[in-house]
Amino acid sequence: MRVLVNAGPWLAVPPPGYGGIENVVATLVPALRERGVHVVLASVASSTLQVDELISAYDDGQFAELQKPYNQVMGIAHAHQAMVAAALRAREDIDLVHDHLEVVGPAVLSALGGPPVLHTLHWDLRKHPAFYGAFPPSIAVNGVSESQLARAPAALRSVSLGAVHLATPLAAYDLRVERGGHLVVMGRICRLKGQHVAARICQKLGLPLVLAGPVSGRNSQDELDVVIHDPHHPLHGHPDVRYHLDHVTPHLDGELVRWVGAVGGQDRDHLYGSARAALFPIQWDEPGGTAVVEALALGVPAVGLRRGCLPEIIEHGRTGFLADTEDELAEWLLRVDELDPEECRSEARRRFTPSVMAAGYLELYERVMAEAAPQVRRTPEGAR
Ligand code: UDP
């Protein structure tokens, strides 16, 4: 089977640090190739993931550009997707496109009429109501959790093949890091992820908290300072920058609550794996939660608010705690040491390995190809 996996132009695969979708692709592709799938990856040229072929429109990730005004950045995804469309027009050997590029992916691919497409929805599906409300019926989709799909508009649900949960390579090997005393929020610094709630609770309880993640694509205080000190910088008034300044920075005391910027690779695994618990005080319906499955894989209990995909991933009282209010969250945080790290690890090994995710996707690929067969399979040259 020959699959074009479209990761989009935003970040290299694997991503150098933060990178939700690129991490998913970096987790899935090796497991697909182990099963004999030939993978053509559409990404940026700096991607280092082992694939059979790499195609790209950009040398490097464009994520930092994405934060600029729309009229300056609207061409980025389109240039990438035009490159994908040209590649698909130029060759006839792709059996399926597995697309991860928000909106532009399905919009272009449905007009192209090329190989069958499975588009994975990684987002909150209340976004883009006009597009999702009249989704192209020729594109099959899947979600990353049942709760995400339950909130989808009818047009999307009608082409949905169900949910495939996210996964992490950490679930497939047994990384053991000595436990420290800190709690962690691992994710983009933005209101949706609720870092201010975590900081408020930890300061009240006197618990050390580390916040890790980029602010609007900026990976460190130095990078962020450039934005803050230049009133003409395109990100100067960005909501995530404002959020960090107004709601996170006041809690950063250098001792109990620290922001360490974005962390990647072994640094991330070490910081995360040594935490007493991972916090998810989410202020939205988190669709997939890679950071949640990563915590479990590292034997770190996950404690969060009961919304979005969290109840599908966390088993209350075994692999973490789910709370309905901020006060309740604080109470559960005091009890995290009652949870057994081995229960977290074994749940991750059972449900969130790359191999489980690849099996889920291969099943969907087969379904999409079988359903598309009469319309789009090309007649071999010379045949009647
Ligand atoms: N992440 C990272 N470094 C950071 C913060 C986050 O590597 O400093 C990773 C995190 O481990 C996870 C991904 O970025 O793999 C975030 O994915 P998630 O689905 O949790 O959040 P979202 O896609 O909504 O940002």
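The values are calculated or read from the model by the stated rules, or taken from the named source; none is laboratory data. Quick caveat, the model's predicted, so the values are computed rather than measured. Cβ atoms come from the backbone with ideal geometry, glycine included; neighbour counts cover every protein chain shown. Heads up: the accessible areas ignore ligands, DNA and RNA and are worked out on the full protein's heavy atoms, side chains in. Shrake-Rupley method; radii C 1.70, N 1.55, O 1.52, S 1.80 Å.
Here are the numbers for this structure:
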| read-out | value |
| --- | --- |
| Whichever residue in the range 189-208 is open to solvent by 40 Å² or more (accessible area, probe 1.4 Å) and assigned to a loop (DSSP other than H, G, I, E, B) and, among such residues, is farthest from the ligand (Cβ to nearest atom) | GLY206 |
| Count of the range 1-58 residues which are assigned to a strand (DSSP E or B), among the aliphatic types (A, V, I, L, M) and open to solvent by less than 50 Å² (accessible area, probe 1.4 Å) | 8 |
| Near pairs, Cβ below 9 angstrom, 6+ apart or cross-chain, from the range 177-188 (under 15 Å from ALA302 (Cβ atoms) and in a strand (DSSP E or B)) to any residue that is open to solvent by 30 Å² or more (accessible area, probe 1.4 Å) and more than 9 Å from the ligand (Cβ to nearest atom) | LEU183/PRO208; LEU183/ARG276; VAL184/ARG276 |
| Segments classed as helices (runs of 4 or more DSSP H), wholly inside the range 209-321, with at least 2 members that are open to solvent by less than 20 Å² (accessible area, probe 1.4 Å) and either within 16 Å of the ligand (Cβ to nearest atom) or in contact (Cβ under 8 Å) with a residue 60 or more places away in the chain (or both) | 265-273, 290-297, 310-313 |
| Test for ARG89: is it outside any helix (DSSP H, G or I) and assigned by TED's automatic domain parsing to the domain that holds VAL39 | no |
| Test: residue in the range 156-168 that is polar (S, T, N, Q) and within 14 Å of the ligand (Cβ to nearest atom) | yes |
